[in-house]
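The next block holds one structure in the form of structure tokens; read it before the comments.
The values are calculated or read from the model by the stated rules, or taken from the named source; none is laboratory data. Everything quoted here is computed from the prediction, not taken from an experiment. For the accessible areas, the whole protein counts, side chains as well, though only heavy atoms, and no ligand, DNA or RNA atoms are used. Shrake-Rupley method; radii C 1.70, N 1.55, O 1.52, S 1.80 Å.
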Amino acid sequence: MEQKVKEIMSNIFGVPISRISNDSSPESLTEWDSIKHLNLIVALEEEFEVEFDESEIFEASRIPQIITFLKSKS
């Protein structure tokens with residue numbers, strides 16, 4: 001799951017997967033802006049067939065948080 005999340009992030013943000021780590025965040029990746037964050041959420045929802053609630057959308061700013069949310073929905 002983690003690898004797939006990294007692949008999606010790499011694709012959405014247009015950066016090599018090697019630049020994506022568990023510590024990646026909007027503060028550490030200049031490519032991670034608000035529009036791309038929403039694109040990331042939509043891509044994750046489509047890939048994993050889940051739906052994030054409003055609070056999760058705002059909190060999903062690091063891979064560990066995203067994984068936790070995805071696991072809670074499976």
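In table form, for the structure just shown:
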read-out	value
Tilt relative to the chain, helix 34-48 - C-alpha long axis, 0 to 90 degrees, to 10	50 degrees
Solvent-accessible area, 1.4 Å probe, carbon plus sulfur percent, for the chain	48 percent
For the chain: accessible area per residue (Å², 1.4 Å)	60 Å²
Stretchable slack from Gln65 to Ile35, in nm (0.36 nm times residue separation minus alpha-carbon distance)	8.9 nm
